[in-house]
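Structure, as structure tokens:
The values are calculated or read from the model by the stated rules, or taken from the named source; none is laboratory data. Since we're looking at a predicted model, the values are computed, not measured. Reconstructed Cβ throughout: ideal geometry from the backbone, glycine too, with neighbour counts over all protein chains shown.
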Amino acid sequence: MKVWRRVLERRLRTRLRAKVALEIHDNTHTMLTFQRQRAMWRLRLHHMFLVAPDDVVQALASFVRKGDPDASVLLDKFIERNRVYIRRLSPAQMRKRIRLEPVGQHHDLERIYARLNERYFEGRIDAAITYGPAPRVKGPRKSIKMGSYSADSKVIRIHPALDQPVVPRYFVEWIVFHEMLHHVYRTRKGEDGRRCIHPPELMEHEKQFHDYARALAWERENLDLLLRARVTPA
Ligand SMILES: [Zn+2]
């Protein structure tokens, strides 16, 4: 890597006709920054640039020297093509970028989650939970996704329409419980090669929920109410 850094430094120096100090990093968002320091250019570049082709190195130089928009486009394309070399964030890192808002007006998701975690999972589930965001929909909804689970960030999201006094606690608990099961049973490929989001074990496990039949019945009778709920997008 050290050798490649020197090589790239030299390639840039030739094109910029100035001294270049190059630092190589493994950032996840900012791929390139630079600043002028007297007669020297200081560049910080993602390691994908180490073996960049000549046109990319030329674009780097034009972009650094005069903010050339064509060069900028070419660099963006290069970064896009090399996206696989950008490190993926860990769930904890991804979570830091999400604003968690688990405390609603009527139902405190954090509390519900903590209780379910104790009661059913011996406190072993290490996901985070939050409301929303409410998807923007015009007119009445035809369906409603009451919860979701992201395996990448380990975040459970609950639809803000559930945060109403008419929605019973056991119903919210059931939705949260279901999403917690998604944390336990990951999506996998079924025998037919299709993605199986709800494997039989998950469906079976779900029946252990203390108010399962009641929650199902409430959903059947009140789905309309949830579909009509007015939710202001956060
Ligand atoms: Zn599900």
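Summary of computed values
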quantity	calculated
Number of the condition not met by Ile98 [criteria: (1) surrounded by 15 or more Cβ atoms within 10 Å (Cβ to Cβ); (2) under 30 Å from Phe171 (Cβ atoms)]	(1)
Total residues in segment 188-216, condition among the acidic types (Asp, Glu) and modelled with pLDDT under 90	2
Tyr149 being modelled with pLDDT of 95 or more and within 21 Å of the chain's Cα centre (by Cα)	no
One residue from Val167, Val155, Val103 being in the same structural domain as Pro199 (by TED's automatic domain parsing), surrounded by 12 or more Cβ atoms within 10 Å (Cβ to Cβ) and free of Cβ contacts under 8 Å to residues at least 24 places away in the same chain	Val103
Filter pass, Leu75 being in contact with a Phe, Trp or Tyr (Cβ under 8 Å, 6 or more places away or on another chain), outside the structural domain of Phe177 (by TED's automatic domain parsing) and part of a helix (DSSP H, G or I)	yes
When residues of segment 217-234 are limited to those that are of a type in the set (A, V, I, L, M) and at pLDDT below 95, the one farthest from Leu162 (Cα to Cα)	Ala234
Considering residues of segment 194-217 that are among the charged types (D, E, K, R) and assigned to a loop (DSSP other than H, G, I, E, B) only, the residue surrounded by the most Cβ atoms within 10 Å (Cβ to Cβ)	Asp211
Residue within segment 53-62 that is in contact with a strand residue (DSSP E or B) (Cβ under 8 Å, 6 or more places away or on another chain), of a type outside the set (Asp, Glu) and either within 22 Å of Leu22 (Cβ to Cβ) or loosely packed, with under 15 Cβ neighbours inside 10 Å (or both) present	yes
